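The values are calculated or read from the model by the stated rules, or taken from the named source; none is laboratory data. This structure is a prediction, so every number in the text was calculated from the model and none was measured. Positions of Cβ are backbone-derived with ideal geometry, glycine not excepted, and every protein chain shown enters the neighbour counts.
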Amino acid sequence: MAPLKHCAALGARWLCAGPFNPEAWRPSCPTFGNRRDSRYDPWVLVVLAVLALVAPATDIVGVDDFIDAPRALFGRTRVAVERALGAPLVVRPRTLLPGPGLAAEAIDELSYPGVVVAVSRRSAVVRRVEITEARWSLPRGLNVGTQRRRVEETLGEPQLVSDVSVLYLDADGFPNTVEFHFRVDRVQRIEWSFAPID
């Protein structure tokens, strides 16, 4: 007998159709053609399909440009950052927490007015950037103070969403990301994370 399958999207269970399963597609199973037996109104499914079509897809090129922005502004290494921004006001030793496929890593946080840049102690490569002031021009006109609606209209559908933030992955995926944090529906800060080696 074919295995039992489950459709999470509809919350419905049915038995696989096949030559060894005479019970497949019993009348009690959800169907789209018979409204009496269906748990879901066909019009609801039509509306969901239309919403999926009109929802803005992720703008991969736009997201990649935005993720590359701080490295274009400040550089990819500690030497380049200090050349672009000068000596940091404060240097704080920290440890980046481990992530999927990534070990914990010792870093130095270089603090400047409106921006903190985290660099690896081992390789001196930029690992994180956090901007809290709109001092620098960023792609697509997005910056600290931008409305949340405009961020999502410009970059499209984020990969992770919460009440207070949205996160986008670049084309290469984790750990190259940008996350917009909101307060009262406007960008309060923008955080970028980068791979440990460039």
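Assorted remarks:
- Residues in the range 154-175 that are surrounded by fewer than 16 Cβ atoms within 10 Å (Cβ to Cβ) and within 15 Å of T58 (Cα to Cα): E157, Q159, L160, V161, A171, D172, G173.
- Scan the range 181-195 for residues that are surrounded by 18 or more Cβ atoms within 10 Å (Cβ to Cβ) and not in a strand (DSSP E or B) and the total you get is 1.
- Failed condition for R150, given (1) farther than 21 Å from F194 by Cβ; (2) in a loop (DSSP other than H, G, I, E, B): (2)
- Residue within the range 90-110 that is out of contact with any helix residue (DSSP H, G or I) (no Cβ under 6 Å at 6 or more places or on another chain) and more than 23 Å from P175 (Cα to Cα) present: yes
- W136 falls short on exactly one of the conditions (1) farther than 15 Å from L73 by Cα; (2) in contact with a helix residue (DSSP H, G or I) (Cβ under 8 Å, 6 or more places away or on another chain); (3) part of a loop (DSSP other than H, G, I, E, B), and that condition is (1).
- Residue that is within 14 Å of the chain's Cα centre (by Cα), at pLDDT 95 or above, buried (at least 17 other Cβ atoms within 10 Å of the Cβ) and closer than 20 Å to G75 by Cα, where the choices are V178, V119: V178
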